[in-house]
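Here the structure is laid out as structure tokens; the discussion comes afterwards.
The values are calculated or read from the model by the stated rules, or taken from the named source; none is laboratory data. These numbers come from a predicted model, not from an experiment. All Cβ positions, even for glycine, are placed from backbone atoms using ideal geometry, and neighbour counts span all protein chains on display. Side chains are part of the model used for accessible areas, which takes the heavy atoms of the whole protein and leaves out ligands, DNA and RNA. Shrake-Rupley method; radii C 1.70, N 1.55, O 1.52, S 1.80 Å.
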Amino acid sequence: MQLLNGIKDEAYKAAAELLKPAGRAASGKYLVEGENLVRQALASPSPVHALYATPDAAPVFRDECAAREIPLYVAGGGLMPKLVGTGYETAVTALAIVEQTVLNLHEWTPQQNALILACERIQDPRNVGVLIRTAEAAGCTAILFSSDSAEPWQRAAVRSTTGSILRLPIGISEDFSSLLKRLALADIYTVATSAKAANLAYDADLQRRPLMILVGNETEGLSESAREAASDFVALPMAPNGASSLNVTVAAGVLLYEAVRQRRLLP
């Protein structure tokens, strides 16, 4: 264990740099916070580059960090709130620098039994995080985002994943519509939502694999270019005289779990 000597300590600067989008983009790393998420990080496929803990929490991680040669820094004197980026006292007692798990979409080809969630222009980082969490829970092999979505590795998104970001491969596409078209040509059956669709999700064939569920922006939905890549459209049942749509995370969850349900009904 090494004691952080203040905000001028190089180890402190390395973590603090990851509070900035530019720092995360340049390094390919991000922060996870809280003892639970740090333990998940240590047990995940994602490489852990360093761990920071308060004096009381540091002994919990000492042996594992030593065995794996992961630097363990003790952050006392109010340094932990600064590392978390809150500017106020926090209950967070540990955080870790973790390597981003990013798909190389130029070489990536989904497996035959793949279930994929594709997300276009998701603006709320908390929605991004919940989509990642939902996708992992439903057994997705990957989640894809257009590059104009909120960044998955910012604090609000990471916290909302409750650890799923450590395990689920994430693809970020600069040309989302071209990616969708390429996957469609590779026989990836793509289902998107539309309030005007003739069929409900429950009547659609969601047992096919590979299957991609496609969801769009919280306010505007899918772009026309994304819609053109869809194999089919389905509607979600809505009660009369009530809400006309669902939050994108709920809609994605309904579709993914309907796909799981239909698959489980196969002999």
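Residue count for segment 137-148, restricted to those that are touching a strand residue (DSSP E or B) at 6+ places or on another chain (Cβ under 8 Å) and either assigned to a helix (DSSP H, G or I) or farther than 17 Å from Ile172 by Cβ (or both): 2.
For segment 41-54, give me each residue that is part of a strand (DSSP E or B) and buried (at least 20 other Cβ atoms within 10 Å of the Cβ). Answer for segment 41-54, where residues must be part of a strand (DSSP E or B) and buried (at least 20 other Cβ atoms within 10 Å of the Cβ): Val48, Leu51, Tyr52, Ala53. Just one residue in the set Thr161, Thr90, Thr134 is closer than 30 Å to Glu10 by Cβ and either out of contact with any strand residue (DSSP E or B) (no Cβ under 9 Å at 6 or more places or on another chain) or touching a residue at least 12 places away in the same chain (Cβ under 8 Å) (or both); that residue is Thr161. Checking each residue in segment 3-40 for being outside any helix (DSSP H, G or I) and surrounded by fewer than 16 Cβ atoms within 10 Å (Cβ to Cβ) picks out Leu3, Asn5, Gly6, Ile7, Lys8, Lys20, Gly28. From the list Ala96, Ala114, Ala91, the lone residue that is crowded, with 22+ Cβ neighbours inside 10 Å and not basic (Lys, Arg) is Ala96.
Residues that are within 13 Å of the chain's Cα centre (by Cα), over 24 Å from Gly23 (Cβ atoms) and not in a strand (DSSP E or B) within segment 100-130 comprise just one, Val130. Counting the residues of segment 122-146 that are of a type outside the set (A, V, I, L, M) and open to solvent by 50 Å² or more (accessible area, probe 1.4 Å) gives 5. Among the conditions (1) surrounded by fewer than 23 Cβ atoms within 10 Å (Cβ to Cβ); (2) touching a residue at least 24 places away in the same chain (Cβ under 8 Å); (3) part of a helix (DSSP H, G or I); (4) not small (Gly, Ala, Ser), the only one that Arg182 does not satisfy is (2). Does segment 160-177 contain at least one residue that is surrounded by fewer than 16 Cβ atoms within 10 Å (Cβ to Cβ), small (Gly, Ala, Ser) and out of contact with any Gly (no Cβ under 7 Å at 6 or more places or on another chain)? Scanning segment 160-177 turns up no residue that is surrounded by fewer than 16 Cβ atoms within 10 Å (Cβ to Cβ), small (Gly, Ala, Ser) and out of contact with any Gly (no Cβ under 7 Å at 6 or more places or on another chain). Looking at this structure, is Lys82 within 26 Å of the chain's Cα centre (by Cα), modelled with pLDDT under 95 and among the basic types (Lys, Arg)? Spelling it out, Lys82 is indeed within 26 Å of the chain's Cα centre (by Cα), modelled with pLDDT under 95 and among the basic types (Lys, Arg).
Filtering Ala239, Ala229, Ala243, Ala252 for residues that are farther than 20 Å from Gln123 by Cα, crowded, with 21+ Cβ neighbours inside 10 Å and not basic (Lys, Arg) leaves a single hit, Ala229. Scanning segment 206-226 for residues that are in a loop (DSSP other than H, G, I, E, B), in contact with a helix residue (DSSP H, G or I) (Cβ under 8 Å, 6 or more places away or on another chain) and without any contact (Cβ under 8 Å) to a residue 60 or more places away in the chain, we see that the one that is surrounded by the most Cβ atoms within 10 Å (Cβ to Cβ) is Leu206.
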